[in-house]
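This report concerns only the one structure given below.
The values are calculated or read from the model by the stated rules, or taken from the named source; none is laboratory data. Computed from a prediction, not measured in an experiment: that's the story for all the values here. Cβ coordinates were reconstructed from backbone atoms using ideal geometry, including for glycine residues, and neighbour counts include every protein chain displayed. Just the protein is used for accessible areas: all its heavy atoms, side chains included, with ligands, DNA and RNA removed. Shrake-Rupley method; radii C 1.70, N 1.55, O 1.52, S 1.80 Å.
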Amino acid sequence: MPKALITGITGQDGSYLAELLLDKGYEVYGLARRLSTPNQTRIGALVEDLVLLEGDITDQSSLNIAVQTAMPDELYNLAAQSFVATSWNQAVLTGDVTGLGVVRVLEAVRHFCPDVRFYQASSSEMFGTSPQSLKDEETPFHPRSPYAVAKVYGHYATINYRESYQLFCCSGILFNHESPRRGIEFVTKKISDGVARIYCGKATELRLGNLNVKRDWGFAGDYVSAMWLMLQQDEPDDYVIATGESHSVKEFAELAFDCVGLDWQDYVKVDDRFLRPAEVFDLRGDASKAHKKLGWAPKTSFKELVRVMVEADVERYRA
């Protein structure tokens with residue numbers, strides 16, 4: 001039975017990846033921080049089938065112990081401070097967790113489990129304002145937030161360990177991927193949750209920032225399969241994972257309100273508090289390499305993604 005270790009297992013991607021690996025017959029270990037109130041909402045149905053190890057991405061010794069305990073065949077590093085807006089207020093913490101945290105995991109791998117196949121969660125935010133309209137693996141990075149800068153550091157650290165120590169290290173440069181399990185601080189979840197609250201009579205308006213910002217939005221459940229496929233290849237490499245389409249925040253809001261028969265213009269208010277110091281206005285990815293080499297393609301359309309998120313939130317408020 002193959003074994004996998006997932007850092008960030010309690011997050012959106014971690015929960016979907018854990019489900020995928022369990023379905024494939026893996027023994028799945030997850031690294032989870034000790035909290036006074038355990039955050040297991042997303043993996044609650046899976047807990048009995050998982051082996052959870054206490055540790056933290058900022059603590060080298062706990063990572064060493066986790067790797068030695070699991071001795072995994074595959075290690076997926078999904079742990080991060082992953083919210084761009086928070087990175088402006090907590091820049092040092094973001095650098096420590098999202099940047100240096102990658103090196104700590106790689107050091108544990110190098111010393112205690114060098115034969116493992118390693119996946120690093122890189123981000124489309126690394127491209128920032130790079131002028132190429134359609135981003136691929138050769139597009140230069142121009143990060144525009146402390147989060148993006150930290151992700152670039154982790155990305156290049158992964159390449160360095162692959163080339164310097166001959167480790168099997170891959171990075172998935174994933175564009176925005178959403179789901180009903182998305183954290184409330186992300187704009188897509190903020191919209192679907194806000195629509196559900198308004199529809200269920202619990203709110204009267206939805207305040208958002210720049211409505212013209214565009215992102216390449218896919219479904220997280222589709223994207224974790226790409227992570228797994230990367231680690232099944234003969235040689236390690238880096239891949240852009242994206243839908244190839246970009247849609248604005250306004251489009252997302254309009255579709256979300258349409259799902260419940262409401263006009264978005266009656267409820268959405270632009271609030272300057274949600275504007276960022278430096279904004280990336282359009283991100284769209286070219287996943288041709290993943291299509292060709294991994295045989296991967298997204299299965300969920302943008303419209304279907306919005307519908308699933310809104311319906312899940314409406315059901316939650318009705319329960």
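Okay, here's what the table says:
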item	result
Residue count for the range 270-312, restricted to those that are within 20 Å of residue 256 (Cα to Cα), open to solvent by less than 60 Å² (accessible area, probe 1.4 Å), in contact with a helix residue (DSSP H, G or I) (Cβ under 7 Å, 6 or more places away or on another chain) and not in a loop (DSSP other than H, G, I, E, B)	3
Subset tally (residues that are aliphatic (A, V, I, L, M), open to solvent by less than 10 Å² (accessible area, probe 1.4 Å) and in a helix (DSSP H, G or I)) for the range 76-119	5
Residue under evaluation residue 183, criteria (1) within 17 Å of the chain's Cα centre (by Cα); (2) at pLDDT 95 or above; (3) closer than 22 Å to residue 76 by Cβ, criterion not met	(2)
The one condition in (1) surrounded by fewer than 23 Cβ atoms within 10 Å (Cβ to Cβ); (2) more than 16 Å from the chain's Cα centre (by Cα); (3) closer than 26 Å to residue 150 by Cα that residue 26 fails to fulfil	(3)
Selection count where residues are out of contact with any Pro (no Cβ under 7 Å at 6 or more places or on another chain) and either of a type in the set (Val, Ile, Thr) or more than 20 Å from residue 141 (Cα to Cα) (or both), scope the range 75-95	11
Qualifying residue in the range 137-160 (condition: assigned to a loop (DSSP other than H, G, I, E, B) and of a type in the set (Val, Ile, Thr))	yes
Pick from the range 195-233, criterion assigned to a helix (DSSP H, G or I) and open to solvent by less than 10 Å² (accessible area, probe 1.4 Å), ranking: nearest to residue 117 (Cα to Cα)	230
Unique match (being outside any helix (DSSP H, G or I), buried (at least 21 other Cβ atoms within 10 Å of the Cβ) and more than 19 Å from the chain's Cα centre (by Cα)) among 72, 38	72
Residues of the range 148-157 classified as buried (at least 22 other Cβ atoms within 10 Å of the Cβ) and either under 11 Å from residue 128 (Cα atoms) or without any contact (Cβ under 8 Å) to a residue 24 or more places away in the chain (or both), total	1
Residue check, residue 58 without any contact (Cβ under 8 Å) to a residue 40 or more places away in the chain and in a loop (DSSP other than H, G, I, E, B)	no
Complete set of residues in the range 170-192 that are assigned to a helix (DSSP H, G or I) and open to solvent by 20 Å² or more (accessible area, probe 1.4 Å)	187, 190
